[in-house]
Amino acid sequence: MWDEKSRRIKILAIIVVGIVSLLVLRLVWMQLFQGAQYKKIAEQNRIRQITAQAPRGTIYDKNGAIIVANRPSFAVSIIPGEYSNPQEATPLLAVITGVPVDEINKLLKGSEDYPYTPVRIKRDVDATTVAKIEERQYYLPGVVIEAIPVRQYVYKELAAHILGFVGSISEEEYVRRKKQGVHPNDLVGKDGLEREWEEALRGTDGGRQLEVNAVGEDVRSLGERASTPGKGLVLTIDANLQKATEEALNVQVEASRKMGQPAKGGAVVALDVKTGGVLVMASTPAFDPNIFAGGITSKDWNQLITNSNHPLNNRALQNSYPPASVFKIVTAAAALEMNLTTPQEIFDDRGVYVLNGWSFYGWETKGLGKLTIIDGLAWSSDPVFYELGRRLGADNLASYALTFGFGEKTGIKLAGEEKGIVPTADWKEANYGESWYPGETLIAAIGQGYYLVTPLQQAMLTMAVANGGIVYKPMLVDKVLTPDGSLIEKLQPEVLRTIYLRPEVWDTVRQGMMAVTAKGTGAAVFKGFPKTVAGKSGSGETGRGTTHSWFACYAPAEAPEIAVAVLVEEGGEGSMAAAPVTRRVLEAYFSIQSKPLPPAPRTD
């Protein structure tokens, strides 16, 4: 009997010792390994930290005009640590805000690390929504109305592709930048300068610390830290010139459509030839970045991404096109530099060029007659440049194209830049598994075939001619400022490359480009213009029976200041569509009164 009792006591003692040991081990584990975590939880139960969003930095044009600022607004937010009844509150909140339940739950996901950091469910709400939230506060514990700054693009679509827009941070971005103090529902730059200069434009959030009691009521304030706005940017863009350019481009696109052309859009780039500063970068159709600032709706987003003319694309650098006859500048420079022709040589344009029994026609099938290379540029003679292309060969032509910067990115600080294509025999073999034909060299010499360039690269080409070979890297930001406007940094021009050609080669090319507007394909459009313009028109065949319209130039020809490249996508011939836009840009730049333009003759 006693032995049985003794055995039971021993078993009970072992069980008690085991339980006590487990409790001790658990206590040791919690103290040594999880102590910091539980201390944090305990502190958060007593102290509430409310984040105050910092305004992003202001963006100015080169003359000091504010083009991107911030405006006050209200946001509906949830404080996760106080959101005690999500089963009933979330459906009600969805009805009031129009944000689906699944979307609210998705926004709350991952908020465990910041239980008292507001999760913004809907930004930039109206007064009616605010009133509905406040009236139902009892049923929406943890739901608050915040006063937050919202990005404001002052002139709406103006320079939209340069400025970009802000949007909710992605999961990938959040993981990558979590240590920098970003929160899961922050807005960050998603495109354009807003993205590329995110670190400068983003301010430092402030906040308040409050002591709360067991039921979450405020007891006292423990301190407040003001938010610090982001740094300001002064751009190289001239807002007035940008506005005049966008208006001229949009007018021409509509005019081309009325003449039966598809005219899907267009682009203009204007550069300061002395610094590489981008004075204008226009792309149409455009979009209003303000629709992103408060959180874009699914309807607005679908309209943008399903638009067949692709308004989100920056045609100035994200799309590439056949360079057309503007490329004849490169062909002429290469042939002159390699001593394959001279300024005095006379060519005979009979309207057709025959190679190995194949006929290659010029834009003027009746022929342009006896021409020098200067005349060939002025009148954009295809047969002249077919002959020069034959003399050069595909690889020499490509070598000079690369020297001028085609086939590689300019390095401008904007995402998505296309590098274009500079084809060679090896390139064709690698990409198509086919040999290069002699006729393709002729086509390449007039900027057709496989060659593809961006409008920005075309502007860089004319900058090179204007500067005698000095090409600056295109820059969009001139200065970085403190929030109160003091100078932090003045960015300096950077020489991207120097193209070494003999002075007489540059002189001949310049004479040909000046002859374009004096007597050639651009003469009608620039008749009466008080400044001498050195330019080149181009009509790029698409292979679909339509034509891209090009005009590239610099001015004044004697003392260059500005280089311009204009593209009207599927807008018709160069002198018909792009040249008139170019004149309007130069009129705005030189403050010249606009006059009705005479009809341009049909050319290349």
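For a modelled paramagnetic label at residue 590, 7 Å from Cα along Cα-to-Cβ, the residues of the range 363-388 in reach, with backbone nitrogen under 20 Å, are 378. By other beta-carbon atoms within 10 Å, ranking 352, 143, 182, 150 with the fewest at the front produces 352, 182, 150, 143.
GluC sites (Glu not before Pro) within the range 429-523: which are DSSP loop residues with at most 14 other Cβ atoms inside 10 Å?
434, 494
Using the Karplus relation 6.51 cos²θ - 1.76 cosθ + 1.60 with θ = phi - 60°, the per-residue 3J(HN,Hα) values for the range 141-148 come to x, x, 8, 10, 9, 9, 8, 10 Hz, with x marking Gly and Pro. For the range 498-567, chymotrypsin sites (Phe, Trp or Tyr not before Pro) meeting the loop criterion (DSSP other than H, G, I, E, B) and having at most 15 other Cβ atoms within 10 Å: 500.
Hey, got a sec? Which trypsin sites (Lys or Arg not before Pro) in the range 482-521 land in a DSSP loop and have at most 13 other Cβ atoms within 10 Å?
Sites meeting the loop and neighbour criteria: 519.
Think of the chain as a dipole: +1 on every Lys or Arg Cβ, -1 on every Asp or Glu Cβ, centred on the Cα centre; then among 204, 448, 314, 204 lies furthest on the positive end.
Name the shape class, rounded, prolate or oblate, that the alpha-carbon gyration tensor gives for the range 47-235, where a ≥ b ≥ c are the square roots of its eigenvalues, rounded holds for a/c under 1.5, and otherwise prolate holds if a/b is larger than b/c and oblate otherwise. The shape class here is prolate. Charging the Cβ of each Asp and Glu at -1 and of each Lys and Arg at +1, and nothing else, the dipole of the range 47-235 about its Cα centre rounds to 460 debye. If one takes the longest principal axis of the Cα atoms in the chain, at what angle in degrees, from 0 to 90 and to the nearest 10, does the Cα axis of helix 328-337 lie? Once rounded, the angle reads 60 degrees. Label-to-label distance, residue 134 versus residue 302, with points set 7 angstrom from Cα along the beta-carbon direction: 3.5 nm. Summing Cβ point charges (Lys, Arg +1; Asp, Glu -1) relative to the Cα centre of the chain gives a dipole of roughly 1020 debye. Between helix 86-97 and the chain there is an angle of about 40 degrees, using the helix long axis and the longest principal axis of the Cα atoms.
Converting phi to 3J(HN,Hα) with the Karplus coefficients 6.51, -1.76 and 1.60 and the offset θ = phi - 60°, the range 404-417 yields 7, x, 6, x, 8, 6, 7, x, 4, 7, 9, 7, x, 5 Hz in sequence order, with x at every glycine or proline. Counting neighbouring beta carbons within 10 Å and listing from fewest to most, the residues 74, 404, 360 come out as 360, 74, 404. Computed from Cα atoms, the angle from the helix 35-46 axis to the main principal axis of the chain rounds to 90 degrees. Within the set (i) 44; (ii) 29; (iii) 39, the number that percent of Cα pairs over 39 Å apart takes when calculated for this structure is listed as (i).
For the chain, the share of DSSP beta bridges that are antiparallel, to the nearest 5, is 95%. Sequence-distant contacts, meaning Cα pairs under 8 Å at least 6 residues apart, place the relative contact order of the chain at 14 percent.
Only the coordinates and a few stated rules stand behind these numbers; no lab work does. If you're wondering where the values come from, they're calculated on a predicted model, not measured in any experiment. Methodologically, a virtual Cβ is constructed for each residue, glycine included, from the backbone with ideal geometry; neighbour enumeration extends over all protein chains shown.
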